[in-house]
1. Confirm whether residue 171 is more than 28 Å from the chain's Cα centre (by Cα), in contact (Cβ under 8 Å) with a residue 60 or more places away in the chain and surrounded by 11 or more Cβ atoms within 10 Å (Cβ to Cβ).
2. Check residue 319 against each of (1) closer than 30 Å to residue 437 by Cβ; (2) surrounded by fewer than 24 Cβ atoms within 10 Å (Cβ to Cβ); (3) touching a residue at least 24 places away in the same chain (Cβ under 8 Å) and name the one condition it does not meet.
3. What are the pairs, 6+ residues apart or on separate chains, where a residue within segment 420-442 that is outside any helix (DSSP H, G or I) has its Cβ under 6 Å from a residue that is surrounded by 18 or more Cβ atoms within 10 Å (Cβ to Cβ)?
4. If you go through segment 125-144 one residue at a time, do you hit one that is farther than 20 Å from residue 55 by Cβ and at pLDDT 85 or above?
5. Report yes if residue 207 is more than 22 Å from residue 89 (Cα to Cα) and either buried (at least 21 other Cβ atoms within 10 Å of the Cβ) or in contact with a helix residue (DSSP H, G or I) (Cβ under 7 Å, 6 or more places away or on another chain) (or both), otherwise no.
6. Name the residue that is nearest to the chain's Cα centre (by Cα), counting only residues in segment 457-468 that are free of Cβ contacts under 8 Å to residues at least 24 places away in the same chain and part of a helix (DSSP H, G or I).
7. Pull up segment 243-259, narrow it to residues that are modelled with pLDDT of 85 or more and buried (at least 24 other Cβ atoms within 10 Å of the Cβ), then point me to the one that is farthest from residue 26 (Cα to Cα).
8. Can you confirm whether segment 368-385 contains a residue that is buried (at least 20 other Cβ atoms within 10 Å of the Cβ), part of a helix (DSSP H, G or I) and under 16 Å from the mean Cα position of the chain (by Cα)?
């Protein structure tokens, strides 16, 4: 049950981390207007490149390394401080690089300096440690409180279109405070060590191996917003961000399994139990397939009504963009299982790196013609196609390690059930009165239709759910 509890904790936090800005965005979108929202999205996309450099692949690497040695508290303490030293130094280098960048970059300097608080915050992020020891309760409870307080601060202090800088500062400070709240627990969880025996730079090259895929991943996470801001306008960048926010909310329910399962699988690998590793992989893949198929089709079915209704006047383009982007829910769900939960723990970093690098290259190549042709929708199609390439490469990489027949055993059932659900929900949203109550009813009807069809098809996910209820997972 520990895996299930950690999954629920992580899902809870991931959803809250997105739901707080999602709740506030309905307010902020109207107060700051599309221009202000776009300015925040565009400047934040630039800042993310410096944050990426500061992180240096530590999220995945630190999580995995702590999981390897967590049964030896002295070794775990040594590993933590070695990794944290490297992270602190890389953050300092990143901030110096940002200061040099600002000498030459004169566009919206006030917003950029406010965004730099996010870079300072990243130096104090030790969530990777608690993920490695599978203690998700600590990070969830403390960060959840900070997120709620930040939401309250936004409603109190953000009052008009001139408050963009203040809005950026509130978001950044909430991240910094959330990270700082994790540090008091370190004294309890680690042994005292002598810093003269530390060798932090032994971790640098392995981090660099995971830094490359993170760079590649950020290309098609942030570059689309940056290129839209440059090639179209900052408002288009804001539309992309708001579509992405809703899709990421759904994805949080799926990709939370990656953060939870990575240390669990890594620990099994450290004991040489590959049979257990593959068994967990098949179960995890079936689980994310069972929830990502209906999430993808469900969001697509309601997106045209949801976006303008939620964000307000002036945000109509978000709906069609969200409908296109909903495809990545399933694609990223599969690549999260294959990449984060399988390739990384079994030391197949090279294959993982190549997969996301391929996606980044395809995204970069497609962005220019597709954005020129279709603007915001072109950027969305570029994202979808690049994510598909990532997943296809990872499937090719594991072709000799996994049984595809077993991997996709019930996928056809989830697909047909989801299509049936889509037809019903899309019809309700297209031809019935568009109200919040009707939207909620259509979602409930969709869930019922999907559940009934799974029972008709006798999907094995129902057996897995029964096992979880009986504490057999």
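The values are calculated or read from the model by the stated rules, or taken from the named source; none is laboratory data. Remember, it's a predicted structure, so these values are computed and weren't measured experimentally. Quick reminder, even Gly has a Cβ in these numbers, built from the backbone with ideal geometry, and neighbours come from all protein chains shown.
1. Answer is no for this residue.
2. Residue 319 satisfies all of (1) closer than 30 Å to residue 437 by Cβ; (2) surrounded by fewer than 24 Cβ atoms within 10 Å (Cβ to Cβ); (3) touching a residue at least 24 places away in the same chain (Cβ under 8 Å) except (3).
3. Final answer for the pair search is 434/305.
4. No, every residue in segment 125-144 fails to be farther than 20 Å from residue 55 by Cβ and at pLDDT 85 or above.
5. It is false that residue 207 is more than 22 Å from residue 89 (Cα to Cα) and either buried (at least 21 other Cβ atoms within 10 Å of the Cβ) or in contact with a helix residue (DSSP H, G or I) (Cβ under 7 Å, 6 or more places away or on another chain) (or both).
6. 465
7. Applying the filter and picking the extreme gives 247.
8. Looking through segment 368-385, at least one residue is buried (at least 20 other Cβ atoms within 10 Å of the Cβ), part of a helix (DSSP H, G or I) and under 16 Å from the mean Cα position of the chain (by Cα).
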